[in-house]
1. Out of D256, D326, D252, which single residue is part of a helix (DSSP H, G or I), of a type in the set (D, E), open to solvent by 30 Å² or more (accessible area, probe 1.4 Å) and at pLDDT below 95?
2. Could you please find all residues in the range 295-320 being more than 15 Å from the chain's Cα centre (by Cα) and either within 14 Å of S108 (Cβ to Cβ) or among the hydroxyl-bearing types (S, T, Y) (or both)?
3. When you check T49 against the structure, is it in contact (Cβ under 8 Å) with a residue 40 or more places away in the chain and more than 24 Å from R175 (Cα to Cα), yes or no?
4. What number of residues within the range 131-166 satisfy the criterion of being surrounded by fewer than 23 Cβ atoms within 10 Å (Cβ to Cβ) and outside any loop (DSSP other than H, G, I, E, B)?
5. Can you tell me which residue among D136, D164 is over 22 Å from I56 (Cα atoms), under 20 Å from the mean Cα position of the chain (by Cα) and of a type outside the set (F, W, Y)?
6. Which pairs have Cβ atoms under 6 Å, sit 6 or more apart or on different chains, and link a residue in the range 190-216 that is in contact (Cβ under 8 Å) with a residue 40 or more places away in the chain and under 20 Å from Q275 (Cβ atoms) to one that is assigned to a loop (DSSP other than H, G, I, E, B) and open to solvent by 20 Å² or more (accessible area, probe 1.4 Å)?
7. I need the full set of residues from the range 43-73 which are assigned to a helix (DSSP H, G or I) and within 21 Å of the chain's Cα centre (by Cα), in order please.
8. Please find, within the range 353-371, the residue that is nearest to the chain's Cα centre (by Cα) out of those that are free of Cβ contacts under 8 Å to residues at least 12 places away in the same chain and open to solvent by less than 60 Å² (accessible area, probe 1.4 Å).
Amino acid sequence: MKIFALALSACLFVVAAHAQLTPFELSKDKNYTATYAQVISYYTKLAKTSPQMKLINYGSTDIGKPLTLVVLSRDKVFDPATIKKQNKRVLLINNGIHPGEPEGIDASMMFARDLMKKNGLPKNVVICIVALYNIDGSLNRGLSRINQNGPSAYGFRGNSRNLDLNRDFIKVDSRNTIALETIINTWNPEIFLDNHTSDGADYQYVMTLIETQKDKQNRILADYTSKTLSPELYKRMKASGFEMTPYVESEDTTPDNGIVSFLETPRFATGYTAQHNIISYITETHMLKEFDKRVWATYDFMQALVDINERDAKLIGEVKAKADEDVKQQKTFAMGWAVDYKNVDSLSFKGYFGGYKPSEVSGLSRLYYDRSKPFTKTIKYFDNYVATLTVDKPVAYIIPQAWGKIIELYKLNKVAMRPLAHDTTIAVQMFT
């Protein structure tokens, strides 16, 4: 009888441990990304046994389902105002804005579990994870990204209204964006991460990185990110086995002719958050690499970001406060940017030699990359921009009452406004 009881106990332990594994981990070939239902079910079960985790639903998406935020707090404090009073940092991670680029979805599920299981939650950082942002596109499951190396099935880029949600942060046409902007303006994160998958050229790296373009970033934040945070992220990713390079946007046909620093304007998630003086990053794992490597590279990047955030928590808070105060005193703002081709940097790049061969479809000449011919060489890096248009800050803007959507978006973003007391004739300047 005692032997049976012992065996039963061991069996229950195995089942409990097995229940904590993600659908990605349970798949035999590690080429599977969780469905929306599996994601929510996993976090719901995890939260029931984890007092340091709380799920909070925000608004509604275009498909009619709420946006779920997973909050990890070592001290079990889940009120954003209290967290700010405690002088803790907030890291916001977004997943699945393009569901065909799902690494962050699966990596974050494992990451959240492991932080709690290993008692690894940071003391001075609260981690907020958008479980799956583009729920609509995720439910439209199949294959849509040509030549992508896994997973076996995934969601579609557009949401239920065929909107690209990573182009919607100024016009705000979707309810998804309203929900996410509500989260951003409620939690006021110091750092934001948006997990993606790249396409285009072939090269040796599993992970590439987009950071807020330094010339358009607030100068105080740019000093910290370019000299401290970003170099440390590159160092730690190399040590983890997933050496990074900046996002590969070729200046010419192939990367060995030089790459251009990506300019994330405010219609993009990170361009929008940068407007709020939030330090912002986009991971872009390479679609031609195996899916499991892309997931683990994303996992390692999040771990590095959390560790540095914890290490520099006090400094990051001070830098953010100084940047916000700096903007209050700023008189002139840039509204347009262009690459500064007179000021070019360089970097060491690990790529593959490119060539041309007849297409099997059209018979016409097409570009290909030869993986049997890797190279490491110094290439040009066009990472400097100059302002092409600036405006001086006015005393105020006058918004016609008919522009109701603009007024609601200003309220959403906590812009100070007041209605005019009565119809008034005012001499103003106007620009289009």
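1. It is D256.
2. W296, the sole residue that qualifies.
3. On the way: in contact (Cβ under 8 Å) with a residue 40 or more places away in the chain: no; more than 24 Å from R175 (Cα to Cα): yes.
Against the criterion (in contact (Cβ under 8 Å) with a residue 40 or more places away in the chain and more than 24 Å from R175 (Cα to Cα)), T49 does not qualify.
4. Total satisfying the criteria: 2.
5. On inspection, the qualifying residue turns out to be D164.
6. I210/Y247; I210/F262; Q213/L263
7. Within the range 43-73, just Y43 meets the criteria.
8. The extreme case among them is S359.
The values are calculated or read from the model by the stated rules, or taken from the named source; none is laboratory data. The model shown is predicted, which means the values in this text are computed figures rather than measured ones. Every residue, glycine as well, gets a Cβ built from its backbone with ideal geometry; the counts of neighbours run over all protein chains shown. SASA here: full protein model, heavy atoms, side chains in, ligands and nucleic acids out. Shrake-Rupley method; radii C 1.70, N 1.55, O 1.52, S 1.80 Å.
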